């Protein structure tokens, strides 16, 4: 039986570590990375505290998602693992949990945090929410 592992991947160093951990520890698993486009970032840039971000926020976010997926695929390729990547729009913890519930995921492996500064405090901890509410085991990589 092939394990199905979901790795929330936002391009941050900790999400990269989580993906690396998954690729090393579960080489035979079916691995999917999920990138969540958060609409809050269309109104408020949580990284800089600036308002507004951009009129073309969605196109910019899609472009960023493509870059992030390419980086994840490159990392997986260095381990000879084929990776499935998906992009969804919504609140990160909710979208991750919905994906787990809807897609027969066996485990989530994620970084302990992705955002820094005010963004982390403003949005709360995605890793904490996923860990508390996921119906499957969650490995948090520090």
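The values are calculated or read from the model by the stated rules, or taken from the named source; none is laboratory data. Small disclaimer: the values here were computed from a predicted structure and weren't measured. Neighbour counts run over all protein chains shown; Cβ positions are idealised from the backbone, glycine included.
Tabulated results
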| item | result |
| --- | --- |
| Members of the range 85-127 that are more than 20 Å from residue 64 (Cβ to Cβ) and modelled with pLDDT under 95 | 104, 112, 121, 124, 125, 127 |
| Members of the range 1-32 that are in contact with a strand residue (DSSP E or B) (Cβ under 6 Å, 6 or more places away or on another chain), over 18 Å from residue 93 (Cβ atoms) and part of a helix (DSSP H, G or I) | 17, 19, 21, 22 |
| Residues that are modelled with pLDDT under 95 and surrounded by 18 or more Cβ atoms within 10 Å (Cβ to Cβ), drawn from the range 27-41 | 37, 38, 41 |
| Hits in the range 71-84 - residues which are without any contact (Cβ under 8 Å) to a residue 60 or more places away in the chain and outside any loop (DSSP other than H, G, I, E, B) | 73, 74, 75, 76, 77, 83, 84 |
